[in-house]
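A short write-up of the structure that comes next.
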Amino acid sequence: MACRKLAAEGRLIVLIRGALGSSVFLPLEEGVSVPAVSAEVVNTIGAGDAFVAAILARLSREGVLRRRAPAEITSRQARAMLNQGALMAARVCGQPGADLP
């Protein structure tokens, strides 16, 4: 699979599958998948953007972006990152229009 190959090159690969959840492929550990968070969907505009913003915020807080070191991310951190993204995406899906919560 292309995602595993890119991760083996030292990249952090995140696969967002909407209602099917998300996965992350890690350079040094087994990948992680999490289910989507259940939500009453009003509008999906911005859900993917909110997901990505949430995971980037998590990586920034943990210093990963500063160090540019995706290889340092553990499966525990990856799971927490994906869960945070899923929660934010679910919140956005519950909002009418393109207004973020």
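Cβ separations smaller than 6 Å between residues 6+ apart or across chains give the following pairs from the stretch 1-23 residues that are more than 19 Å from VAL52 (Cα to Cα) to residues that are surrounded by 17 or more Cβ atoms within 10 Å (Cβ to Cβ): ARG4/PHE25; GLY10/PRO27. State which residue is farthest from the chain's Cα centre (by Cα) when the search covers only the stretch 8-37 and only residues that are within 17 Å of LEU56 (Cα to Cα) and modelled with pLDDT under 90. Applying the filter and picking the extreme gives ARG11. If you go through the stretch 11-27 and keep only what is assigned to a loop (DSSP other than H, G, I, E, B) and surrounded by 13 or more Cβ atoms within 10 Å (Cβ to Cβ), you end up with ARG11, LEU12, GLY21, LEU26, PRO27. Of all residues in the stretch 65-92, those satisfying the criterion of being buried (at least 16 other Cβ atoms within 10 Å of the Cβ), touching a residue at least 24 places away in the same chain (Cβ under 8 Å) and within 17 Å of PRO27 (Cα to Cα) are PRO70, ILE73, ALA78, MET81, LEU82.
Taken over the stretch 57-76, the residue count meeting the criterion of being among the small types (Gly, Ala, Ser), over 14 Å from ARG11 (Cα atoms) and in a loop (DSSP other than H, G, I, E, B) is 1.
The values are calculated or read from the model by the stated rules, or taken from the named source; none is laboratory data. Since we're looking at a predicted model, the values are computed, not measured. Quick reminder, even Gly has a Cβ in these numbers, built from the backbone with ideal geometry, and neighbours come from all protein chains shown.
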